[in-house]
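**Q** The following block contains the structure, expressed as structure tokens.
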Amino acid sequence: CAEDLKKQFPHLLIIAGGPMVSYNPIDEMNKFQFLDIISYDNIRGEEVFSSFINCLVGGKDFSEAKGIIYRNNGQLMTSPPLSHAVVHSHDTSPYIMGDVDLTEKRGYYVQIETSRGCPYTCGNCVWGGDSSKMNYLPMERVLKEIEAIYNNENVKHVLFVDSNMLSMKKRLKEIVGHIRKQKYYKNISTRMHLNIDYIDEEVANLLVSLPGFSFDFGLQTANLDSLRYISPKRPDSEKFEKKIKLLQTWIPNLKFGIDLMIGLPCDKLQSFKETLDFCLSLKPHRFFMAYPICLLPGTKFFKEKDKIGLIYSKEPPYALIATPDFPLEDIFEAVKISTWIQILTYYYP
């Protein structure tokens with residue numbers, strides 16, 4: 001789309017950012033000549049964009065913007081980096097300030113962020129790594145956003161996009177307690193991604209106090225070799241099963257989902273089937289299957305893709321096609337089986 005727009009409107013400025021381009025911006029600028037500007041800051045995108053807009057509107061040189069690579073008479077130039085963290089004040093909240101209109105009479109699926117970063121450094125993900133230090137939004141702002149969202153009868157679903165809502169239990173208690181004070185909280189389904197390591201009886205009882213709450217856990221694979229390639233910190237299948245069974249003891253009617261990945265390094269069709277058998281034995285409410293896996297620039301998977309013989313698309317989003325242990329015909333078989341399992345568990349739980 002950007003390339004076609006540039007052909008039609010040559011003077012149009014095209015700016016890009018995010019994990020697909022920010023880890024290797026100079027390579028991307030050389031490869032895609034229709035891009036004018038790329039943010040090389042992969043953590044504070046809104047601050048980079050704000051800085052760029054202020055320069056654009058004020059007629060200033062782009063060298064005064066922060067955190068970008070830009071073209072200047074055919075040469076690639078680098079502006080200074082940002083020197084401050086993201087400002088998460090009330091006046092930057094799209095819900096508190098009304099920038100996101102939730103007044104139309106239709107069911108909204110709303111996303112909310114209460115923290116940024118991840119303490120883990122998984123090989124397939126850019127959430128951790130350089131940005132692994134956790135940054136928490138001011139609680140005052142979070143509570144105000146909850147009021148704006150959960151008091152709106154048009155909102156039907158809420159997704160908390162944090163890497164792990166349990167990284168600070170005290171904050172979670174305050175957040176869930178505040179949700180329960182709002183007018184329409186019983187009518188809204190709430191979904192959070194949780195690290196099963198952090199689950200205990202207190203947390204379980206706290207979260208199920210939200211009527212529409214759902215648990216989602218990322219197992220990815222029961223194959224220990226594949227799991228260790230992702231991260232040595234991830235819980236193995238034995239620990240995962242133990243936690244799930246404890247949860248089922250605390251919450252007899254527990255509904256939860258499991259995230260899995262097809263085509264991980266070191267995995268093969270037989271071990272993937274064994275992962276499916278293991279997960280089905282836990283009686284999850286639904287599955288989320290990730291295929292194709294995208295090799296995100298900046299990750300271990302991307303850096304080592306040729307070394308370990310991954311077969312992948314050469315164009316963004318660098319989708320995985322096959323591995324030495326998981327050939328294409330086996331990938332097709334795994335996708336077919338997992339698709340049926342997703343359909344059956346969703347429609348015939």
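The values are calculated or read from the model by the stated rules, or taken from the named source; none is laboratory data. Everything numeric here is computed off the predicted structure, so don't read it as measured data. Note that we place each Cβ from the backbone using ideal geometry, even for glycine, and neighbour counts take in every protein chain shown. In case anyone asks, the SASA skips ligands and DNA or RNA and just uses the protein heavy atoms, side chains included. Shrake-Rupley method; radii C 1.70, N 1.55, O 1.52, S 1.80 Å.
**Q** Taking one equal scatterer on every alpha-carbon of the chain, how large is log10 of I(q)/I(0) by Debye at q = 0.08, 0.12 1/Å?
**A** -0.48, -1.06
**Q** If amide H atoms are built 1.01 Å from N in the plane of the peptide, which residues on other chains or at least 5 residues away come under 5 Å of the amide H of Asp216?
**A** Counting only residues 5 or more places away or on other chains, the set is Met192, Leu194, Gly257.
**Q** Out of all DSSP beta bridges in the chain, what portion is antiparallel? Express it as a percent rounded to 5.
**A** 30 percent
**Q** So in the chain, which Cys have no other cysteine's beta-carbon sitting under 4.7 angstrom from theirs?
**A** Cys1, Cys55, Cys118, Cys266, Cys279, Cys294
**Q** Follow-up question, since we're still on this one. Pairs Lys268/Lys336; Lys133/Lys239; Lys7/Lys305: which are spaced more than 24 Å apart, C-alpha to C-alpha?
**A** Lys133/Lys239; Lys7/Lys305
**Q** How much net charge surrounds Ala16 when only other residues with a Cβ under 14 Å from its Cβ are counted (Lys, Arg +1; Asp, Glu -1)?
**A** So the environment of Ala16 carries a net charge of -2.
**Q** Pick from Asp101, Asp41, Asp200: which is most flexible by mean-square fluctuation in a GNM of the chain where alpha carbon atoms under 10 Å apart are linked?
**A** Sorting by GNM fluctuation, first place goes to Asp101.
**Q** Can you give the percent of C-alpha pairs in segment 290-339 whose distance is more than 14 Å?
**A** So the portion of pairs separated by more than 14 Å is 50 percent.
**Q** Determine the alpha carbon to alpha carbon distance for each of Lys186/Lys255; Lys144/Lys181; Lys105/Lys255 and list only those over 19 Å.
**A** Lys105/Lys255
**Q** Are there any helices in the chain, counted as whole DSSP H runs, that stretch 27 Å or more along their axis by Cα and score at least 0.5 on average by Kyte-Doolittle, and if so which?
**A** Correct list, ordered by number: 328-347.
**Q** Would you look at the GNM of the chain, springs on alpha carbons closer than 10 Å, and say which of Val48, Val21, Val100 moves the most?
**A** Val100
**Q** Post the alpha-carbon centroid distance, segment 164-226 to segment 21-41, in whole angstrom.
**A** 37 Å
**Q** Sort Asp325, Asp236 by heavy-atom solvent-accessible area, probe 1.4 angstrom, most to least. Don't skip to the answer; put the middle values down first.
**A** Numbers: Asp325 70, Asp236 50 Å².
Largest to smallest exposure gives the sequence Asp325, Asp236.
**Q** Can you give me the solvent accessible area of Tyr70 with a 1.4 Å probe, rounded to the nearest 10 Å²?
**A** Ignoring ligands and nucleic acids, Tyr70 comes out at about 10 Å².
**Q** Might you work out the accessible area of Tyr347 for me, using a 1.4 Å probe with all protein chains in place, and round it to the nearest 10 Å²?
**A** 150 Å²
**Q** Next up: Looking at the chain as a GNM with Cα springs under 10 Å, which of Gly59, Gly45, Gly218 has the largest mean-square fluctuation?
**A** Gly59
**Q** Can you bin every Cα-Cα distance in segment 57-216 into 5 Å intervals starting at zero and give me the percent of pairs per bin, rounded to whole numbers?
**A** Result, from short to long distances: 1, 8, 14, 17, 16, 14, 11, 7, 6, 4, 2, 1, 0 percent.
**Q** Which value, in Å² rounded to 10, gives the accessible area of Ser209 with a 1.4 Å probe and all protein chains present?
**A** Using a 1.4 Å probe on the heavy atoms, I get roughly 30 Å².
**Q** Need the full-extension length gain, Ile311 to Tyr291, defined as separation in residues times 0.36 nm minus the C-alpha distance. One decimal, nm.
**A** Between Ile311 and Tyr291, full extension yields an extra 5.8 nm.
**Q** For Cα pairs less than 8 Å apart in space and 6+ apart in sequence, what is the mean separation divided by the residue count of the chain, i.e. the relative contact order in percent? Numbers along the way, then the final one.
**A** On the way: 563 pairs, mean separation 39.9, N = 349.
Relative contact order for the chain comes out at 11 percent.
**Q** Under 15 Å from the Cβ of Glu3, count the other residues' Cβ atoms, weight Lys and Arg +1, Asp and Glu -1, and hand me the total. Could you put the intermediate results ahead of the total?
**A** Working: positive: Lys6, Lys7, Lys31; negative: Asp4, Glu28, Asp36, Glu315.
Net charge around Glu3: -1.
**Q** Now, a different point. Under a Cβ-Cβ cut-off of 13 Å, what is the net charge of the residues other than His90 that fall near it, where Lys and Arg count +1 and Asp and Glu count -1? Don't skip to the answer; put the middle values down first.
**A** Details: positive: Arg141, Lys144; negative: Asp91, Asp99, Glu140, Glu145, Glu147.
With Lys, Arg at +1 and Asp, Glu at -1, the neighbours total -3.
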